[in-house]
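The next block holds one structure in the form of structure tokens; read it before the comments.
The values are calculated or read from the model by the stated rules, or taken from the named source; none is laboratory data. Quantities reported herein were computed from a predicted structural model and do not represent experimental measurements. Cβ placement follows ideal geometry from the backbone for every residue including glycine, while neighbour counts extend to all protein chains displayed.
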Amino acid sequence: MEVPFLNKEELLKKLNYRGIVLTPLLNKAFQQAQNTHQEQKRDDGSPCLEQHIYPLISDLVDSFKGQNCPEKLLIAGLLHDVLEDDDATTEAEFIRSFGQDVYDIVKPLTKERAENSPLLPEDRKREINAMMLEKISRAPKFSRLIKLADRTNNLASIITTKDVNPEKFKRYVIETKELYLPFAKKESDYYFNRLEQLLSEFSC
């Protein structure tokens, strides 16, 4: 299994192939994602944009199979970590730039700074994630789909990353089995199957 990786040019080619038009607002979301994440690295040192953001968008497109993936979902997917990671973007500025509807999708996906500290013990992170998933279960449908795409990407990345923190690895596997699989079963056959497949490949 390879670590997810996709650059912007490859993603744009895929969107074009699927008939998804790069509207001004979608293009603006791409620019915002780049501004927020261009210097950000994942645990293994890979660039966040190419290992997380762009593969997540590609996966959302795939989840709609023969249907067109809604533009608002793609925009929110590109921006799903902006409020959490970008101190320069306030909530008011986000709403002015991308609208209340997109904000309402992204906000439930956003952890408070104290909830996102790398210094927290793994059992506390699991408690926070369980509470967040419960909150997201009552959020807009697009929030729920993005959260499943986010977990799928993160699980694929952590399973294939060398020298990962074993406690973090254990937490991701347990969380996925106990929390995300039941959640996905209610929300999306596509993500339920993807998560099951990832866990089975790990078990092998």
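Matching residues to (1) farther than 19 Å from residue 97 by Cα; (2) touching a Gly at 6+ places or on another chain (Cβ under 9 Å); (3) not polar (S, T, N, Q):
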{"position": "14", "(1), (2), (3)": "yes, no, yes"}
{"position": "17", "(1), (2), (3)": "yes, no, yes"}
{"position": "27", "(1), (2), (3)": "no, no, no"}
{"position": "34", "(1), (2), (3)": "no, no, no"}
{"position": "40", "(1), (2), (3)": "yes, no, no"}
{"position": "45", "(1), (2), (3)": "yes, no, yes"}
{"position": "51", "(1), (2), (3)": "yes, no, no"}
{"position": "61", "(1), (2), (3)": "yes, no, yes"}
{"position": "66", "(1), (2), (3)": "yes, no, yes"}
**OP:** Evaluate segment 157-175: report whether one residue or more is crowded, with 18+ Cβ neighbours inside 10 Å, within 18 Å of the chain's Cα centre (by Cα) and closer than 28 Å to residue 71 by Cβ.
**Re:** yes
Original post:
Does residue 191 qualify as being within 16 Å of the chain's Cα centre (by Cα) and either at pLDDT below 95 or farther than 22 Å from residue 58 by Cα (or both)?
Top reply: no
Original post:
Just a yes or no: is a residue in segment 24-42 surrounded by 15 or more Cβ atoms within 10 Å (Cβ to Cβ), part of a loop (DSSP other than H, G, I, E, B) and out of contact with any strand residue (DSSP E or B) (no Cβ under 8 Å at 6 or more places or on another chain)?
Top reply: yes
**OP:** Mind counting the residues in segment 52-110 that are touching a residue at least 12 places away in the same chain (Cβ under 8 Å), outside any helix (DSSP H, G or I) and charged (D, E, K, R)?
**Re:** 3
Subject >> Filter result (among the aromatic types (Phe, Trp, Tyr) and closer than 14 Å to residue 140 by Cα) within segment 73-109 >> reply: 103
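Every residue, every condition in (1) over 16 Å from residue 187 (Cβ atoms); (2) crowded, with 17+ Cβ neighbours inside 10 Å; (3) not charged (D, E, K, R), yes or no:
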position: 57; (1), (2), (3): yes, yes, yes
position: 60; (1), (2), (3): no, yes, yes
position: 69; (1), (2), (3): no, yes, yes
position: 85; (1), (2), (3): yes, no, no
position: 106; (1), (2), (3): yes, yes, yes
position: 119; (1), (2), (3): yes, no, yes
position: 137; (1), (2), (3): no, no, yes
position: 142; (1), (2), (3): no, yes, yes
position: 149; (1), (2), (3): no, yes, yes
Original post:
residue 36 passes all but one of (1) under 21 Å from residue 147 (Cβ atoms); (2) free of Cβ contacts under 8 Å to residues at least 24 places away in the same chain; (3) among the polar types (S, T, N, Q); which number fails?
Top reply: (2)
Original post:
From 51, 100, which residue is modelled with pLDDT of 95 or more and either touching a Cys at 6+ places or on another chain (Cβ under 8 Å) or within 21 Å of residue 10 (Cα to Cα) (or both)?
Top reply: 51
Original post:
Which pairs do you get when a residue that is closer than 14 Å to residue 154 by Cα and at pLDDT below 95, found in segment 2-13, comes within reach of a residue that is not in a helix (DSSP H, G or I) and not aliphatic (A, V, I, L, M), reach meaning Cβ atoms under 7 angstrom, with the pair 6+ apart or on two chains?
Top reply: 3/46; 3/161
Original post:
Out of segment 59-73, which residues are at pLDDT 95 or above and over 11 Å from the mean Cα position of the chain (by Cα)?
Top reply: 61, 62, 63, 64, 69, 70, 71, 72, 73
